[in-house]
Amino acid sequence: MNGYFSSAATFLIEAVFSLYMLIVLLLLMLQTVRADFYNPLSQFIVKVTNPPLKPLRRIIPGIAGIDMASVVLLFALQMVKLALIAFAAGMMLSVAGLAVLSIAELITLVLNIYMFSILIQIVLSWVSPGGHNPLTGILYSINEPIMRPARKILPPISGIDLSPILVFLGIGLLKILIVSPLLALGRSLA
């Protein structure tokens, strides 16, 4: 019976924290690429993230155009999420292991956002080519900084843009070469 409660608690913790962290990370990414904040989706993201970020921004200044309050909030949320999941499973993690695992999980989240946002942008280009809606603008803003260099390396061939394949290969390599070693280090420190 205890296993069921542990699984349910883990599921709820994972779902709630992951959703909010996704929104905070999207805010950080949109700020970094200087996206249109008059977009309805951008406005939603700003309103949902303002309560914890407003007080943090008074304490934590931005550095080189990066909203460090968002970075600190993401890191803190990830550490709390992992600690709560470990507690629900009856385990305790060291602070060092928790920190390294949090960094690995946040990098994974960033890579997954890029992968899924590019996939969604590809599907939208097939379904509604040339169409514009709030989601299309957000996706373009987020993806263009990584798609532009990929298009320079692999330009469109006969009107078909194969650069997303190059980006997906890069994401896969980053997961293997950066995330996997960090996860292994974090687990060994935990």
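The values are calculated or read from the model by the stated rules, or taken from the named source; none is laboratory data. What you see is a predicted model, and the numbers here were worked out from it, not measured in a lab. No Cβ is skipped: glycine too gets one built from the backbone with ideal geometry, and neighbour counts run over all protein chains shown.
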Worksheet item: Residues in the stretch 113-129: is at least one closer than 30 Å to I13 by Cβ and in contact (Cβ under 8 Å) with a residue 60 or more places away in the chain?
Response: yes
Worksheet entry | Total residues in the stretch 54-68, condition surrounded by 12 or more Cβ atoms within 10 Å (Cβ to Cβ) and either in a helix (DSSP H, G or I) or aliphatic (A, V, I, L, M) (or both) | 5
Item to complete: Quick one: count up the residues across the stretch 161-190 that are farther than 19 Å from I142 by Cα and not in a helix (DSSP H, G or I).
Response: 1
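Name the single residue, out of those in the stretch 69-94 being assigned to a loop (DSSP other than H, G, I, E, B) and either among the acidic types (D, E) or modelled with pLDDT under 90 (or both), that is surrounded by the most Cβ atoms within 10 Å (Cβ to Cβ).
Going through the stretch 69-94, the residues assigned to a loop (DSSP other than H, G, I, E, B) turn out to be 89-94.
Now restrict to residues that are either among the acidic types (D, E) or modelled with pLDDT under 90 (or both): 89-93.
Details: A89: 13, G90: 8, M91: 10, M92: 11, L93: 19.
Among those residues, the one meeting the criterion is L93.
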Discussion item. The conditions are (1) closer than 18 Å to N112 by Cβ; (2) in contact (Cβ under 8 Å) with a residue 60 or more places away in the chain; (3) surrounded by fewer than 12 Cβ atoms within 10 Å (Cβ to Cβ), and S188 fails exactly one of them. Which is it?
Written reply: (1)
Item to complete: Identify, by number, the condition in (1) more than 27 Å from K175 (Cβ to Cβ); (2) of a type in the set (D, E); (3) outside any loop (DSSP other than H, G, I, E, B) that D36 doesn't meet.
Response: (3)
Item to complete: For the stretch 39-46, state whether one or more residues are touching a residue at least 60 places away in the same chain (Cβ under 8 Å), surrounded by 15 or more Cβ atoms within 10 Å (Cβ to Cβ) and in a helix (DSSP H, G or I).
Response: yes
Worksheet item: Restricting the search to the stretch 6-33, which residues are farther than 22 Å from I103 by Cα and either touching a residue at least 40 places away in the same chain (Cβ under 8 Å) or buried (at least 18 other Cβ atoms within 10 Å of the Cβ) (or both)?
Response: S6, A9
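Restricted to the stretch 130-143, and to residues that are in contact (Cβ under 8 Å) with a residue 40 or more places away in the chain and under 16 Å from the mean Cα position of the chain (by Cα), which residue is surrounded by the most Cβ atoms within 10 Å (Cβ to Cβ)?
Of the residues in the stretch 130-143, the ones in contact (Cβ under 8 Å) with a residue 40 or more places away in the chain are 134-135, 137-138, 141-142.
Those still in the list that are under 16 Å from the mean Cα position of the chain (by Cα) too: 138, 141-142.
On the way: I138: 24, S141: 19, I142: 21.
Ranking the candidates gives I138 first.
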Worksheet, complete the sentence: The condition from (1) closer than 19 Å to F75 by Cβ; (2) in contact with a helix residue (DSSP H, G or I) (Cβ under 8 Å, 6 or more places away or on another chain) that R58 misses is numbered (2)
